[in-house]
1. Quick one: is A140 open to solvent by less than 20 Å² (accessible area, probe 1.4 Å), at negative phi and in contact with a Ser or Thr (Cβ under 6 Å, 6 or more places away or on another chain)?
2. Please go through the range 119-133 and give me each residue that is free of Cβ contacts under 8 Å to residues at least 60 places away in the same chain and either more than 14 Å from the chain's Cα centre (by Cα) or not in a strand (DSSP E or B) (or both), ordered by number.
3. Quick one: would you say T168 is in a helix (DSSP H, G or I) and either among the polar types (S, T, N, Q) or open to solvent by 30 Å² or more (accessible area, probe 1.4 Å) (or both)?
4. Within the range 189-201, track down each residue that is in contact (Cβ under 8 Å) with a residue 60 or more places away in the chain and out of contact with any Lys or Arg (no Cβ under 8 Å at 6 or more places or on another chain).
5. Considering only the range 81-102, state which residues are at pLDDT 95 or above, among the hydroxyl-bearing types (S, T, Y) and within 21 Å of the chain's Cα centre (by Cα).
6. Can you pull out the residues in the range 185-222 that are open to solvent by less than 10 Å² (accessible area, probe 1.4 Å), in a strand (DSSP E or B) and over 20 Å from Q132 (Cα atoms)?
7. Anything in the range 86-117 that is open to solvent by less than 40 Å² (accessible area, probe 1.4 Å), out of contact with any helix residue (DSSP H, G or I) (no Cβ under 7 Å at 6 or more places or on another chain) and part of a helix (DSSP H, G or I)? List them, or say none.
Amino acid sequence: MKSICKFSRLGMAIALLPLAASCFPLSSSNSSIPFTLASPDRSTSSSENSATLNTAQATEQDIWTQMRQGTGYAVLLRHAQTVPGTGDPPGFRLDDCSTQRNLSAAGRDQAVRIGRVFRDRNIPITQVLSSQYCRCLETAKLLDLGAVQPSPMLNSIFEDRTTATQQTQQVRQQIIKHRNTPGVIIMVSHFANISELSSIGLQSGGAVVMRANQQGELKVVGQIQRDGNG
């Protein structure tokens, strides 16, 4: 088993931090996917709240140490790799996985490896929340980081945006409520939802680490992202 890690700050390489062993490990199979730990490189915005970036914090300290020892951290994780497609088939139902776009075999392996990284780094997980879509629930369960709680506020807003503002506000309030609490909340959701909150587009299996300050403003602390396409 090998690990491949790259660390970047605003597009520039920085000295390797003592995280080489903490990045998502690569198996010897062709489905292996390298990951990088990246500093935030873009600001986020919304009509109600603006997430500010703290690049110094993300690059001068070990992000894993911050999550292990700090308070208020939330990891917004996009579900793992799926079978080819965009969105879901017409007429899909949340209570019937056979009508949805689901994880691929590589995605299931990816979810297992992501969970292993958090366990190997001794990241304390206080709660695992997931969209009710099957690809998110399966990702959350395969992480093996604790009991999974389905959460409608994390459901996809890609095709139906009628409740997008409400759902985004609910997620924001969850993070704000958690700001003085030790441990990390894992939120497994979708590309559109995470982008709405952070203004960051993630590949499948990528994550944004966020927290709220004492003024209730959200900030992007860093990204855990996957290299390559797919």
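1. It is true that A140 is open to solvent by less than 20 Å² (accessible area, probe 1.4 Å), at negative phi and in contact with a Ser or Thr (Cβ under 6 Å, 6 or more places away or on another chain).
2. Quick first cut of the range 119-133, residues free of Cβ contacts under 8 Å to residues at least 60 places away in the same chain only: 119, 122, 126-127, 129-130, 132-133.
Hits for the range 119-133 are R119, N122, T126, Q132, Y133.
3. Yes, satisfied.
4. N193, E196, S198 - these are the residues of the range 189-201 that are in contact (Cβ under 8 Å) with a residue 60 or more places away in the chain and out of contact with any Lys or Arg (no Cβ under 8 Å at 6 or more places or on another chain).
5. T82
6. Listed by number, the residues that qualify are V209, M210, A212, L218, V220, V221, G222.
7. T99, A106, G107, Q110, R113
The values are calculated or read from the model by the stated rules, or taken from the named source; none is laboratory data. Given the structure is predicted, the values throughout are model-derived calculations rather than measurements. Cβ atoms come from the backbone with ideal geometry, glycine included; neighbour counts cover every protein chain shown. Quick note on the areas: whole protein, heavy atoms, side chains included, nothing else; ligands and nucleic acids left out. Shrake-Rupley method; radii C 1.70, N 1.55, O 1.52, S 1.80 Å.
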